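So the structure is just underneath, and the comments pick up after that.
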Amino acid sequence: MQQRTVALEIGINGAFITRRWEEPENMMRLIRECGYRVHEFCGDVIDPFFMGDREFQHDMARKVAEAAERYGVTICDVYTGVATHRFHGLSHRHPAVRDRMKQWIVEMMDIALEMGAYRVGGHWDALSAEAMEDPAETRAAIERLYDTFRELGDIAGQKGLKAVYMEQMYIPSEVPWTIEQAREFLIEANRGRSGAPVYLTIDVGHQAGMHYGLSGPDLDYREWLRALAPFAEVIHLQQTTPDASAHWAFTEPYNSRGHIDVSEVIAAIEQAHREVASNPVAKHLAPVEHTWLIAEIIPGSTKNETDLLRELRESAEFLHRYVPEEGLRLSVGR
């Protein structure tokens, strides 16, 4: 039987940089010194609307690319930070709001290209409480999301990007928040279109939907991975408890309190790829050949830099017990 291979690599999200370091040289140096070769750049570090003008943003992006090359760091993608989570965005009833958020994404695509990253992702939306009160309004808002992501995939392809990502969340206003809803999103965002593919980002700490009444497989990060990992080029790793999204580091104190088992993450990814032929999403989207396992460690404001960097180093050492620095290749059949 012909073998298909999936490559896994460990990386680090740039959330730890925000409001701390502003020089690209220091960012890339610290990432490498902490033990990471792959970096997911955080949109809060260069924001299209809030940080300088286009000339400054693109100049900084080029400096990021230059520093990354010097230190042997690969910028795998640019991902949203906190800023875009503060707005209703892409599903808003008013087109001016939707267009403005779409403009943010398109401008971030250009920033990503300047730093040599060919993928953008994140979450740009929350359905309003008003829309959630009316099933017809809820459905209309979700359909607006599908339409927008089809358009964003086409725009990304025209610009030369390789993918757009949407992150799964854990409350009903942030679509998709269930496995079935994520399947539907992937099918509808990619059905019958070319351009850059639209993939899902799975976060292993985003299965806290019990606060809104979810139960069963939707609350299990392994079930999410078994169902959808073949359609995720990025999987966010964090240590956390089942009822929260704590974004803890992978250090001994946090590992003793948290429930994320990295060996089970890898096993679930491998199983999902072995069974992908029977996955309904595969009719519309080819399985990925490479997945970055990105440590999304978000420190509190009172965490001092010495402790933060120590925790990042310890997390890299821990994660590399499962995936070596040079990566891990899984043979998963056809």
Exercise for the section: Identify, from the list T241, T251, T201, the residue that is among the hydroxyl-bearing types (S, T, Y), farther than 30 Å from L161 by Cβ and surrounded by 18 or more Cβ atoms within 10 Å (Cβ to Cβ). Expected result: T251
Problem - Residues located in region 23-70, provided they are among the acidic types (D, E), without any contact (Cβ under 8 Å) to a residue 12 or more places away in the chain and assigned to a loop (DSSP other than H, G, I, E, B) - result: E23, D53
Exercise for the section: Give the residues of region 9-54 that are closer than 16 Å to H85 by Cβ, of a type in the set (S, T, Y) and crowded, with 20+ Cβ neighbours inside 10 Å, sorted by residue number. Expected result: none
Exercise for the section: State whether the residues of region 101-112 include one that is in contact with a Gly (Cβ under 6 Å, 6 or more places away or on another chain), closer than 25 Å to Y212 by Cβ and either among the aliphatic types (A, V, I, L, M) or at pLDDT 95 or above (or both). Expected result: yes
Practice task
Please enumerate the residues belonging to region 77-133 that are among the β-branched types (V, I, T) and more than 20 Å from D44 (Cβ to Cβ).
Solution key: V97
Practice task
Please indicate, with yes or no, whether at least one residue in region 286-302 is farther than 23 Å from A15 by Cβ and either of a type in the set (G, A, S) or over 17 Å from the mean Cα position of the chain (by Cα) (or both).
Solution key: yes
Exercise for the section: Would you mind stating whether A112 is part of a helix (DSSP H, G or I) and touching a residue at least 60 places away in the same chain (Cβ under 8 Å)? Expected result: yes
Practice task
Inspect all residues belonging to region 291-299 and state whether any of them is exposed (fewer than 15 other Cβ atoms within 10 Å of the Cβ) and either modelled with pLDDT of 95 or more or assigned to a helix (DSSP H, G or I) (or both).
Solution key: no
Practice task
List the number of the failed condition for Y170; all other conditions in (1) loosely packed, with under 15 Cβ neighbours inside 10 Å; (2) at negative phi hold.
Solution key: (1)
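The values are calculated or read from the model by the stated rules, or taken from the named source; none is laboratory data. Only a predicted model underlies this, so the values are computations on that prediction, with no experimental measurement involved. Heads up, the Cβs are rebuilt from the backbone with ideal geometry, glycines too, and the neighbour counts pull from every protein chain shown.
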